[in-house]
Amino acid sequence: MRVFLSLLFLTLVVSSIQSLAAPATTTTIETSPLSAEDDPDLATVKVSDFAERKEFLIQTAVGYQSGNYLERDEWSQGPYLALRFALIKQSPLPAWDYEISYNTEEFLGIGVGHRWYFAEEDRYLPYARLGGNAYLESSDGVTGLIEIRRWRVHAGIGAGETFTGEIGTGFSVTGPDIYAQFGYNFQF
């Protein structure tokens, strides 16, 4: 190890001494003065001509979901409301989204998902989504997050840019579920 460090030190010292020497003190590049006239390509461009770049997307959705959320073997089903938030600053299409939902059985859903688009140039933007959700019963409070029976993996397919639709299925320790939702995307 000491031999290696000594060799590394000598290599750095010798290479830094050689890099300090300049090959010549003058340049041979010809310079020309800049013209005072406006560039014809840039003269017609106005900042107001550019479309405003959106940075965030919020999707509001109404859906119908059924599944076994508790260990009591009850198959609960009913409508739900969902909000999904996504950053679209880097890409015009949302890849990662964060979700919060509430259904009529008084379950609060918190989740995260990732989308893969089949054809980005398609008008309907079909995609596949894989996500993880935790469903909390109102009587459990936040302690339901640590219980594994509250966690589910969701897989679905959907389409849409402004108006969206998605169907899918999920699975957890307590059993499967299915869902379908329709929503609207707000970009700002």
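Brief remarks on what is shown
- When every residue of segment 43-55 is checked against the conditions, none turns out to be within 21 Å of F163 (Cβ to Cβ), modelled with pLDDT of 90 or more and not basic (K, R).
- Count - residues of segment 166-188 that are part of a strand (DSSP E or B) and more than 12 Å from R129 (Cβ to Cβ): 13
- For segment 73-80, the condition holds for no residue, the condition being that it is farther than 20 Å from P176 by Cα, surrounded by 11 or more Cβ atoms within 10 Å (Cβ to Cβ), in contact with a Phe, Trp or Tyr (Cβ under 7 Å, 6 or more places away or on another chain) and not polar (S, T, N, Q).
- If the condition is being over 26 Å from S76 (Cβ atoms) and of a type in the set (D, E, K, R), then segment 114-150 contributes R115, E120, E121, D122, R123.
- Filtered residue count, segment 92-111, keeping only those that are open to solvent by 50 Å² or more (accessible area, probe 1.4 Å), in a strand (DSSP E or B) and not β-branched (V, I, T): 4
- Subset of segment 112-136 [open to solvent by 50 Å² or more (accessible area, probe 1.4 Å) and either in a loop (DSSP other than H, G, I, E, B) or under 10 Å from G156 (Cβ atoms) (or both)]: F118, E120, E121, D122, R123, Y124, L130
- The selection criterion, being open to solvent by less than 80 Å² (accessible area, probe 1.4 Å), assigned to a loop (DSSP other than H, G, I, E, B), under 30 Å from F118 (Cα atoms) and at pLDDT 75 or above, does not hold for K89.
- As for segment 152-171, it holds no residue that is touching a helix residue (DSSP H, G or I) at 6+ places or on another chain (Cβ under 8 Å), at pLDDT below 95 and either buried (at least 16 other Cβ atoms within 10 Å of the Cβ) or of a type in the set (D, E, K, R) (or both).
The values are calculated or read from the model by the stated rules, or taken from the named source; none is laboratory data. This is a predicted model, so every value here is computed, not measured. Backbone-built Cβ (ideal geometry, glycine too); neighbour counts: all protein chains shown. Note: areas computed on protein heavy atoms with side chains; ligands, DNA, RNA excluded. Shrake-Rupley method; radii C 1.70, N 1.55, O 1.52, S 1.80 Å.
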